[in-house]
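Read the structure below first, then the notes.
The values are calculated or read from the model by the stated rules, or taken from the named source; none is laboratory data. Bear in mind that the values here come from a model prediction, so they are computed numbers and not experimental data. Glycine gets a Cβ as well: all are built from the backbone with ideal geometry, and neighbour counts include every protein chain shown. Quick note on the areas: whole protein, heavy atoms, side chains included, nothing else; ligands and nucleic acids left out. Shrake-Rupley method; radii C 1.70, N 1.55, O 1.52, S 1.80 Å.
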Amino acid sequence: MYVRLRVGAEAYALPVENVLEVAQLGQIAPVPGSGPYVLGVYNLRGEVLPVFDLAKLFGIDRDVEPDRLLVTEHAGRKAGFAVSEVSDVGELPDAVQEAESDFLSGASLFEGELIGIIDVPRVFDALERGGAG
Amino acid sequence: MTEPDAEFLVIFRDEANERLDHIVDTLLAVEAGRAAADAIDGLFRDAHTIKGAAGMLGLDEVRALAHSMEDVLESARESGSFPTELVEPLLRAADALRSHVAGSGAPSADLLDELASRRAELLGGGEPLESPEAGTREDEAPAGPAPAAGQERRTIRVAAEKLDRLLDLVGETVLHRRRLEHQLGVRVHEDEGIADELGLGDRLLDDLKGAAIQMRTLPLESITGPFPRAVRDIAAAAGREVDLVITGADTELDRVILASMSEPLVHLLRNAIGHGIEPPDEREAAGKPRAGTVELRAEQRGGTVEITVADDGRGVPLETLERVAREGTTLAEALARAGFSTAGEVTELSGRGVGLDAVKTQAEMFGGSVEVRSEPGQGTSVVLRLPLALALLEVLLVERGGQVYGVPLGSIEEAVSVDGMLTLSGLPALELRGRSVPVADLAALAGADAEPPGSAAPALVIAAGGRRVAAVCDTLIGQEEVVVKPLGPLLETVSGYLGAAILGDGRIALLLDPSSLVREPGRAARRRPEVAPSPIGGNIQAPKVLVVEDSFTVRELQRSILEAAGYRVETARDGRDALDRLNRDPGIDIVVTDIEMPEMDGIALTEAIRADPQRSSLPVVIVTTRGSEEDRKRGLEAGADAYMAKRSFDQRALLETVEQLVGR
């Protein structure tokens, strides 16, 4: 099962087991000195959650500011991903192509559209190294 | 030798017994032939830990026994075998250790001899090797008064994480209280009943917090036990006469901080003796008492503990002090840096520096600071400022550019107004009691963009490591004790913050690290250098492909396919980006481009490449979802070498085409 979402106009999906919740993107305190893809930190019920702008991380142009927050988790690490739209939750056909990417595990074709499958552990590792690819 | 502290003996016994339990279990497993492959390593660690702790507490018999166990185990590890005949004597040694740990051990000379000969057998059956530790046993036959054996103390061992959790919860409760007050707002003042209950709650919460912090703290004296002996030995080896004076030994500190400061403090003592205190004759000639004094002093100041190591020795030479002043740095920085340099610096300074640098790094890791003061001929003192408890921090909250920041109260000297600002050599500064302090915008120091502050804006005079800065902000919100929350592993590469705190109104305040605020040039150097992801299959000789594609997913797929086939891959998001890259990197061997892209499309890119005489022969492959004959014609007319549809993601076709064109 995957959560399907949009970053700018592009379609992506995240395995549901990495998604804790979806929320409206609320007030975020910027963290000066961090990378351009770091939106800041968000108060998630008393927890300090780092929030990353997926469009900036992936280098995607977009017309409108992101307004949805995906709270993701893997092996005790948590992060918020700011995205343009969370479409729905559902199955995806098997990947048409696997990828050795810093952020994606591969891609799948769904309703005639290519959907990038976000690999949360890989994204976390890349963020922990301090940068986008 | 000093009498071991009763409280520490209790802790040591608990830990030693736990280790001994583990040793016995493991030995029995070895005997039964069901031990894990790394069993010997575990045994070695256990014996080693007991030895170390016993050494610190001056329990020589325990240390000697643990040491000879360690020797036998090490020899077994080196010889690559663990004969089961070793189990029995080791078990007996463990039993003997247990009796000694309990304070009722019998002399163990025979056992030590036996262990030494076992070891010799392992090492090749030669002469029984006399372990140096075993040699010390004669002079310790009566191992001093049995250490506090009968003194039963009611203690329970609690996992440190549970205490941390408790303190965390207390912090959360404090936070909840703030939120509640925030919600109640003015009603607090209108209803006496509510005000009374809140007042009572405040006091209870304070007590609870105090109790929780106390569980995490230990007195300084819990680590100073071995210091007098260490000072005696260091002084004797250096030919100095030194009195060690310890004051404020009952000052409490977070045990995590305390545990990690033990070694740095010995460094500082060693420095004070070796590089501070003069030889007795020199002192006498200078009119000083023959014996120098090294003072270790601790005192609590609010949420901060100050630990000072002061000597009455020769001090840092005047020319060094002058040079430091000229360079506009601090003595602590200069000395710590000298520890690293190999040439040009006086060894005297570098000697002091090595230890000081370790101390400074350690203190700063906890949000603390180090200051060094010295007067030639009179002595040197090193002042460590450390937080009392790691999880709670007294801060002053300020607002700048719409963002709330917390600055540790311990680092703030005063709050001033900047209307009387002057300019010193082009830089704004404040004159405070005859001393000039540089002025900087807090937003700039933190690395944020903000409108310039107002004319009579408040400024905080922040001091750390002997440096000062007056940081200008918009408003001072007030003092608050906050729970420090880490920014977490994903923001680990961002430096300059002690963490973040959640405020009563739900906003997040970033907690600024004073030592990085006072460090010029502010924020520019604060971010750690970015670690570029290592190129996958980065063969230097492999042809380099430039993938031009606006969809991130397709870009990553193509990159992945090409890299897996051994190519080096660069990517660009559109035609213009691609031309930039081609200009910057003449080593690109082939371009694979999409057609439809913003800014400059694939057709225009191909035409631009063909129009450049230097690139007229650079192969270009157009990969697109558009498959009409018309498009194909346009692409080939623009000068593309190949045209393929990407609908199917046929990686074989892509690889074959690229391979053909780069002639591999």
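Things to note:
- Computed with every protein chain present, the accessible area of residue B:628 is close to 50 Å² [probe 1.4 Å].
- Helix axis angle, B:39-57 relative to chain B longest principal axis, alpha carbon, degrees: 50 degrees
- On the protein assembly as shown, 50 percent of the accessible area sits on carbon and sulfur atoms, based on a 1.4 Å probe.
- For the residues of B:557-568, the average number of beta carbons from a partner chain within 10 Å of their own beta carbon is 3.
- Nearest-ten-degree value, helix B:552-564 long axis tilted from longest Cα axis of chain B: 80 degrees
- Acute angle (nearest 10 degrees) that the helix B:160-184 long axis makes with the longest principal axis of chain B, alpha-carbon atoms: 60 degrees
- In this structure residue B:215 has an accessible area near 100 Å², from a 1.4 Å probe over the protein heavy atoms.
- DSSP-assigned coil residues among GluC sites (Glu not before Pro) in the range B:202-276, each with at most 12 further Cβ atoms within 10 Å: none
- The largest-to-smallest principal axis extents of the Cα set in the range B:251-312 are 43, 22, 11 Å.
- Sorted peptide list for B:32-39, B:511-518, criterion being average Cβ within 10 angstrom, highest first: B:511-518, B:32-39
- At the residue level, residue A:1 shows approximately 110 square angstrom of accessible surface with a 1.4 angstrom probe and all protein chains present.
- Per-residue [θ]222 nm for the protein assembly as shown (sum of -39500 (n - 2.57) over DSSP H runs n ≥ 4, rounded to 500): -12000 deg cm²/dmol
- Amide H contacts for residue B:511 (H built 1.01 Å from N in the peptide plane; partners 5 or more residues away or on another chain; cut-off under 5 Å): B:406, B:498, B:499, B:500, B:501.
- Lys, Arg +1 and Asp, Glu -1 on Cβ, resulting dipole of chain B about Cα centre, debye, nearest 20: 1500 debye
- Surrounding net charge for residue B:452, when Lys and Arg each add one and Asp and Glu each subtract one, Cβ distance under 12 Å: -3
- Label-point separation, residue B:169 to residue B:281 (7 Å along Cα→Cβ), nm: 6.6 nm
- Share of pairwise Cα separations in the range B:164-238, more than 20 Å, in percent: 56 percent
- Neighbourhood charge, 14 Å Cβ-Cβ cut-off, centred on residue A:88 and excluding it, Lys, Arg +1 and Asp, Glu -1: -1
- Residue-span extension gain [residue B:451 to residue B:110] - 0.36 nm each, minus C-alpha spacing: 114.8 nm
- Computed extension length for residue B:319-residue B:203: 36.4 nm, one decimal, from 0.36 nm per residue of separation with the Cα-Cα distance subtracted.
- In straight-distance terms, cross-link reach from residue B:485 covers every one of the lysines whose alpha-carbon lies under 25 Å from its own, apart from those fewer than eight places away in the same chain; here that gives A:78, B:162, B:209, B:360.
- Average accessible surface area per residue within the range B:390-507, 1.4 Å rolling probe, Å²: 40 Å²
- Averaged over its residues, the range B:167-206 has an accessible area of 69 Å² per residue, based on protein heavy atoms and a 1.4 Å probe.
- Å² per residue, accessible surface of the range A:1-61 at 1.4 Å: 36 Å²
- Extension gain, residue B:162 back to residue B:629 (0.36 nm per residue minus Cα-Cα distance, nm): 161.0 nm
- A DSSP coil position with no more than 13 other Cβ atoms inside 10 Å describes the following GluC sites (Glu not before Pro) in the range B:264-327: B:327.
- Given charges at beta-carbon only (K, R positive; D, E negative), |dipole| of the protein assembly as shown in Debye: 1260 debye
- Loop GluC sites (Glu not before Pro), the range B:543-599 (other Cβ atoms within 10 Å of the site Cβ: 15 or fewer; DSSP): B:596, B:599
- Interface between chains B and A: roughly 3600 Å² of accessible area buried, both sides summed (probe 1.4 Å, protein heavy atoms only).
- Occluded residues from the range A:97-133, i.e. those whose accessible area drops by 40 Å² or more once the chain is not alone (1.4 Å probe): A:97, A:100, A:104, A:114, A:128, A:129, A:130
- In units of the rule-of-thumb radius 2.2 N^0.38 Å, chain B shows an alpha carbon radius of gyration of 1.31.
- Hydrodynamic radius by Kirkwood, which averages 1/r over all alpha carbon pairs of the range B:1-107, in angstrom: 13.9 Å
- For the range B:172-292, the percent of C-alpha pairs falling in each 5 Å distance bin, counted from 0 to the bin holding the largest distance, reads 2, 9, 13, 13, 10, 8, 7, 7, 6, 6, 5, 5, 4, 3, 1.
- Modelled spin-label separation between residue B:36 and residue B:24, with each label point placed 7 Å from Cα along the Cα-to-Cβ direction: 2.1 nm.
- About its Cα centre, the range B:242-288 has a charge dipole of approximately 100 debye under the convention of +1 per Lys or Arg Cβ and -1 per Asp or Glu Cβ, with nothing else charged.
- Ellipsoid semi-axes in whole angstrom, largest first, where each is sqrt(5λ) of the Cα gyration tensor of the protein assembly as shown: 57, 39, 30
- 10 °C / 1.306 mPa s Stokes-Einstein diffusion coefficient of the range A:59-133, Kirkwood radius on C-alpha pairs, µm²/s: 114 µm²/s
- Cα centroid of the range B:211-266 to Cα centroid of the range B:538-594, whole Å: 60 Å
- Projected onto planes of every orientation and averaged, the convex hull of the alpha-carbon atoms in chain A covers 7.9 nm².
- Computed over Cα pairs, the Kirkwood radius of the range B:570-645 leads via Stokes-Einstein (1.306 mPa s, 10 °C) to a diffusion coefficient of 130 µm² per second.
- Take the Cα of residue B:599, step 7 Å toward its Cβ, do the same at residue B:636, and the gap between the two points is 3.0 nm.
- For residue B:411, the shell of other residues with beta-carbons less than 14 Å away shows a net charge of -2, using +1 for Lys and Arg and -1 for Asp and Glu.
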